[in-house]
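For reference, the structure discussed in these notes is given below.
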Amino acid sequence: IFYFDFETTGLNPYHAKIIDYAFLLQENDSEDTYIESLINPETKFEKKITDITGIHPEELEDKPTISEMKSNIYNFINSDTKKIVHKYIPGRYLVAHNCDGFDKVFLMRLFEDRETFPLAKDWKFIDTVPLAKKLLPRLSSHSLKSLSQYYNIKSGTHRALSDTICLKHVFIELVKTLCAKDGHSLGHYLENPQNIIDYYSFN
């Protein structure tokens with residue numbers, strides 16, 4: 001399972017540009033492995049974005065563009081993909097908050113070229129917003145900040161890595177809540193993430 005987050009120049013995933021990203025791989029037997037980078041969006045952005053993220057446009061002038069970092073991201077997500085008889089085993093599950101409406105759109109637009117990035121078609125996504133809404137329907141807000149407060153987790157700071165670490169802890173707590181409902185173990189869901197998607201998508 002991978003966790004990821006983008007900070008961007010705006011809220012429209014079809015027009016905004018990425019200015020910060022983080023991808024974190026959950027590992028059982030060692031410290032978490034992650035990649036992160038500030039990104040030069042090659043465009044100006046409003047002060048309100050700086051107010052939210054703390055990222056100033058001047059900071060980004062000497063940073064790489066997202067196009068320059070695409071291969072790094074792609075290789076990280078597929079770094080331990082096993083190859084058997086020239087066929088790749090699918091199993092890339094990527095978790096984000098408001099994934100389907102935001103982060104997933106940014107990510108998949110980066111890898112639209114399936115000839116260059118063939119494995120992107122096998123990625124599957126878990127969105128913690130509908131998962132939280134189904135598990136905690138009485139909660140007045142299902143923002144990442146609200147969920148972190150509900151589970152007594154240190155909130156993110158609207159920087160990609162900070163929010164991704166917060167997301168990971170929130171996701172684990174949500175899955176534990178799901179376990180309490182149906183009696184499965186945490187390990188069961190972490191080994192079978194599709195069951196989490198099925199839970200909030202079809203029931």
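The values are calculated or read from the model by the stated rules, or taken from the named source; none is laboratory data. These numbers were taken from a predicted model, which means no experiment stands behind them. Note that each Cβ is placed from the backbone with ideal geometry, even for glycine, and that neighbours are counted across all protein chains shown. Accessible surface is based on the protein model in full, side chains and every heavy atom, while ligands, DNA and RNA are left aside. Shrake-Rupley method; radii C 1.70, N 1.55, O 1.52, S 1.80 Å.
For the range 1-78, report the accessible area per residue in Å² (1.4 Å probe, heavy atoms, rounded to an integer).
Result: 55 Å² per residue.
Taking the Cβ of L161 as the center, what net charge do the other residues with Cβ under 9 Å away carry, scoring Lys and Arg +1 and Asp and Glu -1?
Neighbourhood net charge equals -3.
Using just the helices of the chain, give the 222 nm mean residue ellipticity in deg cm²/dmol: DSSP H runs with n ≥ 4 each add -39,500 (n - 2.57), and the total is spread over all residues, rounded to 500.
-11500 deg cm²/dmol
May I ask what percent, to the nearest 5, of DSSP beta bridges between residues of the chain are antiparallel?
Bridges in the chain that DSSP calls antiparallel: roughly 70 percent.
Which one, T8, P57, C179, projects farthest toward the positive side of the charge dipole computed for the chain from Cβ point charges (K/R +1, D/E -1)?
It is C179.
Between A160, S141, V95, whose Cα lies farthest towards the positive end of the dipole of the chain when Lys and Arg beta carbons carry +1 and Asp and Glu beta carbons carry -1, centred on the Cα centre?
Of the listed residues, the answer is S141.
With +1 on the Cβ of every Lys and Arg and -1 on the Cβ of every Asp and Glu, and nothing else charged, how large is the dipole of the chain about its Cα centre, in debye rounded to the nearest 20?
Roughly 740 debye for the chain.
On the accessible surface of the chain, probed at 1.4 Å, how many percent belong to carbon and sulfur atoms?
C and S fraction of accessible area: 49 percent.
Between S140 and M108, what length comes free when the chain is fully extended (0.36 nm per residue of separation minus the Cα-Cα distance, one decimal in nm)?
On the way: separation 32, 0.36 × 32 = 11.52 nm, distance 3.07 nm.
Once the chain is fully extended between S140 and M108, it gains 8.5 nm.
Work out the FRET efficiency for T50 and D182 from their Cβ-Cβ distance, taking R0 = 41 Å, and round it to the nearest 0.05. Don't skip to the end; give the middle numbers.
Values: r = 44 Å, r/R0 = 1.07.
Efficiency, from the Cβ-Cβ distance: 0.40.
In what sequence, highest mean first, do 44-53, 158-167, 172-181 appear when ranked by Cβ atoms within 10 angstrom?
158-167, 172-181, 44-53
Under a 5 Å amide H to amide H cut-off, with H placed in plane at 1.01 Å, what residues pair with T33 once short-range neighbours are removed?
Close amide H contacts, sequence-distant or interchain: L25, E27.
Measuring with a 1.4 Å probe in the full set of protein chains, what accessible area per residue, in whole Å², belongs to the range 100-203?
On a per-residue basis, the range 100-203 sits at 52 Å².
Provide the FRET efficiency to the nearest 0.05 for the K70-K133 pair, computing r from the beta carbons and using R0 = 30 Å.
Between K70 and K133 the formula returns 0.40.
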